[in-house]
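Asks: Could you have a look at this structure, given as structure tokens, before my questions?
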Amino acid sequence: MEKKPKTISEMNYFNFSFEPGKEEAKRISINNGSPLISVITVYNDRSNEEYMLQTMRSLKNQTFPFWEWIIVTNNKNIVLKEYAKKDKRIKIIIEEYDNISKAKITAVKSSVTELIFMLDENNLIDKTMLECGFFAMKFNGEAVFSYSRLVDFGIKEALYNKKLSISEEKKKNIISSGAFIRKDKFLEVENYSKLSNDVYEDWYMWLYFLSKSYIPLKMGFYGFWHRNVTKLKRLKKDSEAEKVLFEMAEKVDLKTEIIQFDDSYEVSYKNVPQKIDLKRKPIVLDDGTKRVLFILPWSVVGGADIFNLNLIKGLRGKGYEISVITTQKCDYALRQGIEQYVDEYFDLTSFLKRKDWASFIEYIIRTRRINLVFLSNSYYGYYALPWLKCQFKDIPFVDYIHAENWTLRNGGFPKDSNAVANYLDSTYTCTAHLREVMYKTMKRSVKNIKPVYIGTDASFFDPNISLEKDEELSNMYSGKKVILFPSRIVHYKRPLFAINIMKKISKIRDDVRLAIVGDGAAFDDVKRYIIDNNMQEYVTCFGLQHDVRPFYKIADVTLICSLREGLTLTTYESLSMGVPIVSSNVGGQSELIGNDCGILVKPYQTADEQFDFNYSEEELEEYTQAILKVLNEFEKEKVKDVCRNKIISKFTIDNMVSTLDKEFTKNIESGSRINKEVCKNIELAERYLLVHSVLESKDERKKY
């Protein structure tokens, strides 16, 4: 199995300005059936009306439209009255109530569904919250209540992702108030209607459920946004409210089972995927819109992930509706960046057990009228493909591949693609080199591969743009020549090798410095290595940078010494910024780097030797001489124009998006050309998926 990426500080990436419900979504899902979830809100007459309207918009933007919203209020002039006339899902009950608990009971008794969701006034929910919560509870019938990670915003900003511990819940409430609850269990909570407003009624309810050994479920995405409008009230020591909660906490069963998606769950051979039938029509119109489902591994900061973001952004600009499904655990990094340009984003690892993934993907394809499915580096996606294709024989499935990797499953994703080539209408590769490897070395029999270069945004990566950090870096490296190593810091990229090159160069020229920009699993190793080799004067680690352009602007040469690549995003960016490159001659690097804009060096190590740090002196010398040649012989202004013009002429993101738009349109208009006889062996497709899922889930259990 593939490793989870290095844990990051999500606060460094999370954008709190992306509040749900700021405006209505362009795609409003069609409500064509009775409610399946009852949203419960108590609204008092002191609430901010604009906040409440934003709460309403966050509800109306839900990808799952089968809800009713029951609001209990003592405000006869509630601003939502006019909206309730237009949307029959909104029901307002105006009555005086003694306490919030009693008002919630009134609302729940008025509901028509068996699943309720508590949404306190002024709070917001991610647009997939109701859909994720509904299916988490549907597939886990033993769970009585569920909640997600929490975003705190308003007078303070914070992210809450604490793993649920029942012993800790006894002492302090760590369960969000925005929660799904089975209606019958809610109505059985003893003395709930008698709780005073001094008692945290939601905490009391969770403690009651845990005293009955009712199973909680914690989802692993930030679905609930809690608005801070006042400082949190604190329980007074020895108060009646504290006594009520303490007495209930004493009854809690510490052995209660918990379902939470920080953990992994094994798949059984009995877990054959099933279609989900909610007896509803698709939630979008059959109006000719091009709708694509992206099945991706994750949203981290890497070349393949930036490609996904750029493609999604470009297709969105061309009128596509886009759904994204990811299949591998990761932190929030690029997720919000992608969410800006898609209609919905579902991280399956955050709300479903692996056994239910294929069923949910089938449901999404059917209910969204998806007319093309795009796979990119999703290991699970390749194994689910035959089963999905058996369900949707007329929908084209295509994939995009970045590089071969002989240390991963003896070839990596190209081998996975070849195994299911009979189910794919098209395969796109980022280089011609990879196409030839898949045909000649890996023996692909289906001739449906087309290279499509990734490209970069030449208008963004433009050395003539003035940037805030320019002066700081220019002063820092005044009178110096700079070797830039911009990369994910992992060992197959060979950052330690780069330091050894710098060590050799420093003995020849004292005016050269190495700038390492990036982060990754090997970052701490790199920092220690610099100190151990007394290279602090010559090598600086800048860590992950949200904007790498200022570093390209002070660079004289970019160094890429990786043991495996497709055609790196760094290569496109560097040339677009007018910086020549010294690169290992791997993958398709030679398709872009020529003698006019850099130098290629044949690696002496193979990809499976990435942890062998006894580097060849001959290879180090070749890189050293190549870098010195660039520094000494390349005329900076002349090579700058050559590099940049090469990108502008052929290798831009616009070219990539335009090419894939034409390819997708052609596939959508023609429909799948795959022989339908291939899609009849459903038993084989089921078994293929199950064997993978069973083995993969066992590996995950060992890890997590």
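Asks: Which cross-chain or sequence-distant (5 or more) residues have an amide H under 5 Å from the amide H of residue 405, H modelled 1.01 Å from N in plane?
Replies: 411, 412, 413
Asks: Arranged from highest to lowest average of other beta-carbon atoms within 10 Å per residue, in what order do the peptides 91-100, 520-529, 142-151 appear? Working shown, then result.
Replies: Values: 91-100: 14.6, 520-529: 16.9, 142-151: 22.2.
Going by the mean number of other Cβ atoms within 10 Å, highest first, we get 142-151, 520-529, 91-100.
Asks: How much accessible area per residue does segment 395-476 have, counting only protein heavy atoms and a probe of 1.4 Å, in square angstrom? Before the final figure, lay out the partial values.
Replies: Working: 3450 Å² over 82 residues.
For segment 395-476, the per-residue accessible area is 42 Å².
Asks: Please report the carbon-and-sulfur percent of the accessible area for segment 497-588; probe 1.4 Å, protein heavy atoms only, DNA, RNA and ligands left out. Before the final figure, lay out the partial values.
Replies: Details: 1200 of 2850 Å².
Carbon plus sulfur share of accessible area: 42 percent.
Asks: Could you calculate the contour length gain from residue 645 to residue 540, that is, 0.36 nm times the residue separation minus the distance between their Cα atoms, to one decimal place in nm?
Replies: Result: 34.8 nm gained on full extension.
Asks: Take the Cα atoms of the chain, build their convex hull, and give its volume per residue in Å³. Show your work: numbers first, answer last.
Replies: Details: hull volume 122.5 nm³, N = 704.
Spread over its residues, the Cα hull of the chain gives 174 Å³ apiece.
Asks: Please list, in order along segment 277-288, the HN-Hα scalar couplings obtained from phi with the Karplus expression 6.51 cos²θ - 1.76 cosθ + 1.60 (θ = phi - 60°), rounded to whole Hz, x for Gly and Pro.
Replies: Using θ = phi - 60°, the values come out as 10, 8, 6, 10, 6, x, 8, 10, 6, 8, 10, x Hz.
Asks: What shape does segment 546-682 take by its C-alpha gyration tensor, where a ≥ b ≥ c are the square roots of the eigenvalues and a/c under 1.5 counts as rounded, a/b above b/c as prolate, and the rest as oblate?
Replies: Working: a/c = 3.09, a/b = 1.56, b/c = 1.99.
Verdict is oblate for segment 546-682.
Asks: What are the residues whose amide H is under 5 Å from the amide H of residue 513, where those residues sit 5 or more places off or on another chain and H is modelled from the backbone?
Replies: 481, 482, 483
Asks: Right, next: Can you spot the aspartates and glutamates whose alpha carbon is less than 13 Å from residue 553's alpha carbon? Ignore those fewer than 8 places along the same chain.
Replies: Excluding near neighbours in sequence, the set is 462, 468, 470, 471, 472, 573, 637.
Asks: Here is a further query. Need the C-alpha centroid separation for segment 670-687 versus segment 148-224, integer Å.
Replies: 45
Asks: Roughly how many Å² of residue 36 are accessible to a 1.4 Å probe, to the nearest 10?
Replies: 40
Asks: When the convex hull of the Cα atoms of segment 1-118 is projected onto a plane and the area is averaged over all directions, what value comes out in nm²? Walk me through the intermediate numbers first.
Replies: Details: hull surface 44.3 nm².
Mean orientational projected area (segment 1-118, Cα hull): 11.1 nm².
Asks: Another one. Using the heavy atoms of the protein chains alone and a 1.4 angstrom probe, what is the accessible area of segment 115-176 per residue in square angstrom?
Replies: On the way: 2010 Å² over 62 residues.
Value returned for segment 115-176: 32 Å² of accessible area per residue.
Asks: How large is the convex hull of the C-alpha atoms of segment 362-476 per residue, in Å³? Working shown, then result.
Replies: Details: hull volume 20.7 nm³, N = 115.
Measuring per residue, one finds 180 Å³ for the Cα hull of segment 362-476.
Asks: Hey, another quick one. Over all alpha-carbon pairs of segment 507-569, lay out the pair-distance distribution in 5 Å bins, whole %, shortest bin first.
Replies: Here the calculated profile for segment 507-569 is 4, 13, 22, 26, 23, 11, 2.
Asks: Just the number, please: carbon plus sulfur as a percent of the accessible area of segment 394-492, 1.4 Å probe, no ligands or DNA/RNA counted.
Replies: Ligands and nucleic acids excluded, carbon and sulfur give 47 percent.
Asks: With the other protein chains left in place, how much accessible area per residue, in square angstrom, belongs to segment 633-704 at a 1.4 angstrom probe? It would help to have the intermediate numbers written out before the result.
Replies: On the way: 4350 Å² over 72 residues.
Result: 60 Å² per residue.
Asks: Can you count the Lys pairs in segment 343-458 whose Cα atoms are under 27 Å apart, with each pair 8 or more apart or on different chains?
Replies: Step by step, the pairs that qualify in segment 343-458 add up to 20.
Asks: So how do 682-694, 463-475 stack up, highest first, on mean other-Cβ count within 10 Å?
Replies: Numbers: 682-694: 17.4, 463-475: 12.0.
Most protected by this proxy first, the peptides run 682-694, 463-475.
Asks: Return the sequence-ordered ³J(HN,Hα) values of segment 36-41 in whole Hz as given by the Karplus equation 6.51 cos²θ - 1.76 cosθ + 1.60 applied to θ = phi - 60°, using x for Gly and Pro.
Replies: Per-residue couplings from phi come out as 10, 9, 10, 8, 10, 9 Hz.
Asks: Return the long-range amide H neighbours of residue 347 (sequence gap of 5 or more, or a different chain), with a cut-off of under 5 Å between placed amide H atoms.
Replies: 326
Asks: Multiply the residue gap between residue 318 and residue 691 by 0.36 nm, knock off their C-alpha separation, and tell me the result in nm, one decimal place.
Replies: On the way: separation 373, 0.36 × 373 = 134.28 nm, distance 3.93 nm.
Length gained, residue 318 through residue 691: 130.4 nm.
Asks: Quick check on packing: order 321-329, 80-88, 569-577 by the mean number of other C-beta atoms within 10 Å, highest mean leading. It would help to have the intermediate numbers written out before the result.
Replies: Values: 321-329: 22.2, 80-88: 12.7, 569-577: 26.4.
My ranking of the peptides, most packed first, is 569-577, 321-329, 80-88.
Asks: Starting from the Cα-Cα distance between residue 95 and residue 162, subtract it from 0.36 nm times their residue separation and give me the gain in nm to one decimal.
Replies: Working: separation 67, 0.36 × 67 = 24.12 nm, distance 3.73 nm.
Between residue 95 and residue 162, full extension yields an extra 20.4 nm.
Asks: For segment 471-515, what mean projected area does the convex hull of the alpha carbons give, in nm²? Mind dumping the intermediate values first?
Replies: On the way: hull surface 13.8 nm².
Mean projected area for segment 471-515: 3.4 nm², to one decimal.
Asks: If you don't mind, there's one more thing I want to ask. Karplus couplings for segment 16-28 from phi (6.51 cos²θ - 1.76 cosθ + 1.60, θ = phi - 60°), rounded to Hz, Gly and Pro as x?
Replies: 6, 6, 7, 5, x, x, 5, 8, 6, 5, 5, 9, 9
Asks: Additional query: On the protein heavy atoms, probe 1.4 angstrom, tell me the percent of accessible surface of segment 98-240 carried by carbon and sulfur.
Replies: Numbers: 2740 of 5830 Å².
For segment 98-240, the apolar C and S fraction of the accessible surface comes to 47 percent.
The values are calculated or read from the model by the stated rules, or taken from the named source; none is laboratory data. Remember, it's a predicted structure, so these values are computed and weren't measured experimentally. Because the Cβ atoms are built from the backbone with ideal geometry, glycine has one as well, and the counts that use them run over all protein chains shown. Ligands, DNA and RNA are stripped out before the accessible areas are found, and what is left, the full protein with its side chains, is counted by its heavy atoms. Shrake-Rupley method; radii C 1.70, N 1.55, O 1.52, S 1.80 Å.
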